[in-house]
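Heads up: the structure comes next, in structure tokens.
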Amino acid sequence: MNETALTVRQTARPHGFPTAGHFTFVESTLPGPVPGSALVENLYWSVDPYHREMMDDVPGGFALGAPLEGRTIGRVVASRTPRLTEGEIVLHRQGWRTHAVVTPEEVRRLPRFEGVPLTAYLSVLGGTGLTAYVGLTRIARLQKGEDLFVSAAAGGVGTATGRFARLLGAGRLVGSAGSAAKAGHLTREVGYDAAFDYHDGPAAALLAEAAPDGVDVFVDNVGGEQLAAAVGALREFGRIVRIGTISQYNTPDAPPPRFDYADLVEKSLRMEGFLVSNYRDVQEELYEFAVPHLQSGRLAPDETVVDGFEHIVDAFLGMLRGENTGKIIVRGSSEQP
């Protein structure tokens, strides 16, 4: 084990798209656990779209000059509490650093299922998968045979939503993505029936071509023009699941989407957003649903893995630029194959 630790800290607030200059790597002596805590060597890190929002001067956002937070999987390497033993694999939120001192209350022990890789606990079994599962089962209350449109469908939540929806018996699945290659991946590998590159024209026209008979549910990771298009395409009693607003993360002054608000009334539409942190009690249900499908091969994690903690900032910026397919995960050098 290295005798030094690295942390990533934010140095300035971005105005628009962040750059590597908004971060710095800080080296320090390896921390030691105090009584009641344990030292964890981090193995895998999750970088997520919500981290961009946390970079702004908002309540609960990242503090300048302090280590950043994020979901991380690590191994206990030294312990001064009987509640955490050396060698245990745990999930915690002290990410963006190579090592962390944690208490038992700050970690979650990960169940080990045969044939399920650790990375799945950051993708389809982690916050990404839980977001997709909650969106479909609790917010949309998806019924068998219903048709879906998913924006940013090639990202982590979008691919998990498509795969889960298929397993839940959805009808036609339509997705939007940022390139023709990603759209092709959605139809070839993920199970979408149709997908389009949103750069190819007005969202309303592209959606009408992909779903000429409309849809019952819209899972929205983007907002903006695609949200407006979906309102027009939804059938009576349609539902909009609001997960994120990627289109505005780096353009906070962009105008809000314009759509016919009368549609919400005349078609009895429902729009609801949620924070996955309010649905942690659904985690075990997600395991029961997804793990057998992972083990049978009916469910495959969609992951882009970046090797080396030193590339975590590059991985985050690349994710914001849409360079990943599925969930983007950073893998430490000790876990490289």
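Taken together, the values in this text are just the output of simple stated rules run on the coordinates, not laboratory data. All values reported here derive from a predicted model rather than from experimental measurement. All Cβ positions, glycine included, derive from the backbone under ideal geometry; neighbour counts span all protein chains shown.
Can you sort Lys144, Lys327 so the residue with the fewest Cβ neighbours within 10 Å comes first?
By the 10 Å Cβ count, ascending, the order reads Lys144, Lys327.
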Next on the checklist: Checking the cross-link filter: which lysines have an alpha carbon closer than 21 Å to that of Lys144, excluding same-chain neighbours under 8 positions apart?
Outcome noted: Lys267
Checklist entry - Helix 283-296 versus the longest principal axis of the chain: what angle, 0 to 90°, nearest 10, using Cα atoms? => result 80
Item to check | Using alpha-carbon coordinates, inclination of helix 224-233 to the longest axis of the chain, degrees | outcome: 40
Next on the checklist: When only alpha-carbon atoms are used, what values of Rg and Dmax, in angstrom, describe the stretch 274-337?
Outcome noted: 14.9, 37
Next on the checklist: Quick check for me: using +1 on Lys/Arg Cβ and -1 on Asp/Glu Cβ, what's the dipole size of the stretch 131-277 about its Cα centre, in debye to the nearest 20?
Outcome noted: 560
Item to check | Whole-angstrom Cα spans of the chain along principal axes, big to small | outcome: 61, 45, 34
Checklist entry - If you place +1 on the Cβ of every Lys and Arg and -1 on the Cβ of every Asp and Glu, how big does the dipole about the Cα centre of the chain come out, in debye to the nearest 20? => result 540
Next on the checklist: Using the Kirkwood radius over C-alpha pairs as Rh, can you work out the diffusion coefficient of the stretch 131-277 via Stokes-Einstein at 4 °C, viscosity 1.567 mPa s, in µm² per second?
Outcome noted: 87
Checklist outcome for this item: Here the net charge surrounding Leu206, from other residues whose Cβ is less than 12 Å away from its Cβ (Lys, Arg +1; Asp, Glu -1), is -4
Item to check | Label-point gap, in nm, between Arg112 and Glu284 - each point 7 angstrom along Cα→Cβ | outcome: 2.2
Item to check | Two-decimal Rg/Rh across the stretch 78-125, once Rg and the Kirkwood Rh are taken from alpha-carbon atoms | outcome: 0.97
Checklist outcome for this item: Taking Lys and Arg as +1 and Asp and Glu as -1, residues besides Glu225 with C-beta under 13 Å from its C-beta add up to -1
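Compactness ratio of the stretch 1-128: Cα Rg over 2.2 N^0.38 Å, N = residue count?
On the way: Rg = 15.4 Å, N = 128, 2.2 N^0.38 = 13.9 Å.
Scaled against compact globular proteins, the figure is 1.11.
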Checklist outcome for this item: With the dipole of the stretch 131-277 defined by +1 on each Lys or Arg Cβ and -1 on each Asp or Glu Cβ, the option from Ala152, Gly273, Ala233 whose Cα lies farthest towards the positive pole is Gly273
Checklist entry - Convex hull volume of the Cα atoms in the stretch 199-280, per residue, in Å³? => result 114
Next on the checklist: Pick from Val102, Val40, Val241 the residue whose mean-square fluctuation is largest in a GNM of the chain, springs joining Cα atoms under 10 Å.
Outcome noted: Val102
Next on the checklist: If the elastic network links every pair of Cα atoms under 10 Å, which of Asp193, Asp220, Asp281 fluctuates the most in the Gaussian network model of the chain?
Outcome noted: Asp281
Next on the checklist: Please report the spacing between the Cα centers of the stretch 96-144 and the stretch 164-218 in Å, no decimals.
Outcome noted: 25
Checklist entry - At q = 0.14, 0.18, 0.21, 0.26 Å⁻¹, what log₁₀ I(q)/I(0) does a Debye calculation on the Cα points of the stretch 45-86 give, no solvent, two decimals? => result -0.50, -0.67, -0.75, -0.88
Checklist entry - Taking Rh as the Kirkwood radius, which is the inverse of the mean 1/r over Cα pairs, what is the Rg/Rh value for the stretch 74-193? => result 1.10
